[in-house]
Amino acid sequence: MIPWDKLHGAMTHFPIALLLFSTACDFVSVMLKKLPFARELRSVSLYALAVAALASVGAVISGIALSKGDLWGRGDFGWHHRFVWPAFGLLVALAVWRLVVREAMSRFGLCLYLCLMLLASGLVAAAGYFGGELLLSGGGVP
Amino acid sequence: MMTPLEIKGATAAVIISVLTLVGTFTAGGIYRNRYATERQPGTKPLAAETLAVKGRSYFLQSCAHCHGRDADGGEDAPSLLKLQISGTHMALVIQSGIKGEMPSFTKKYNEQDVAALVAYLKTLH
């Protein structure tokens, strides 16, 4: 029998960490354009985002198996899902967009992208928080 | 404004994202239905009342000494009356336990037993 709880716990950390790291790299590269490695930072953020999106598929699959297909739920479980699904959709969309556009971003495109990266990071962090609550506090058991 | 390449990228991003989410929800739904069907192979599902009675006996056996005989809480464990979590989540907590607070019952109770415990807990709403 596959230990989905352990697998999910292990896999979720990759998209969370990589997305936050990618967002940080993007912001540093934009704010400190004159840095000699600003261009490399943008490349790092691109690959981190792509790997985060791939890893999120594994995290989602293991999560579905763990919850026996319950995609909503109540309490912390429900809140975890309320943040997970928009975060997952946004993460995939951002990764696809970034892989298509790469460095050819307009000023407006870059601003929009950074705003959406911040939003995705917030959603992923909130989903991670409620996931942690499920594990550590029994998920809303009063 | 956005360049044609960015618009093309945005279109691809929206399509792939929507397809991924639709695929995920479809797969989740299929898994959930299959799990519900396979949970009791060859046997008719127990009536909710029978299941809850069975669950009550498991509860008294393994949970009552911490959560209280009437599930209204003990010194070290919370009340389980009017839980605001789903049945799946209850099952998950029973099977996985809570780190440092509650043991896992996955070895003691199989999935049917856990379903019985969940059915009992749901009667406490």
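The values are calculated or read from the model by the stated rules, or taken from the named source; none is laboratory data. Everything numeric in this text was worked out from a predicted model, so none of it was measured. All Cβ positions, even for glycine, are placed from backbone atoms using ideal geometry, and neighbour counts span all protein chains on display.
The table below gives the values:
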item: Output for segment A:40-67, where each listed residue is free of Cβ contacts under 8 Å to residues at least 12 places away in the same chain and over 14 Å from the mean Cα position of the chain (by Cα); result: A:GLU40, A:SER43, A:ILE61, A:ILE64, A:SER67
item: Test: A:ARG74 is facing chain B (nearest Cβ under 10 Å) and surrounded by fewer than 22 Cβ atoms within 10 Å (Cβ to Cβ); result: yes
item: Enumeration of residues in segment B:43-101 that are among the polar types (S, T, N, Q) and more than 18 Å from B:ALA119 (Cβ to Cβ); result: B:SER79, B:SER96
item: Segment A:68-113, subset part of a loop (DSSP other than H, G, I, E, B) and among the aliphatic types (A, V, I, L, M), residue nearest to the chain's Cα centre (by Cα); result: A:LEU71
item: Elements of type helices (runs of 4 or more DSSP H) contained in segment B:42-125, each with 3 or more residues being within 12 Å of chain A (Cβ to nearest Cβ) and either surrounded by fewer than 20 Cβ atoms within 10 Å (Cβ to Cβ) or touching an Asp or Glu at 6+ places or on another chain (Cβ under 6 Å) (or both); result: B:87-96
item: Flag if A:ALA126 is touching a Pro at 6+ places or on another chain (Cβ under 6 Å) and either within 7 Å of another protein chain (Cβ to nearest Cβ) or not polar (S, T, N, Q) (or both); result: no
item: Output for segment B:24-41, where each listed residue is among the basic types (Lys, Arg), assigned to a helix (DSSP H, G or I) and either loosely packed, with under 13 Cβ neighbours inside 10 Å or modelled with pLDDT under 85 (or both); result: B:ARG34
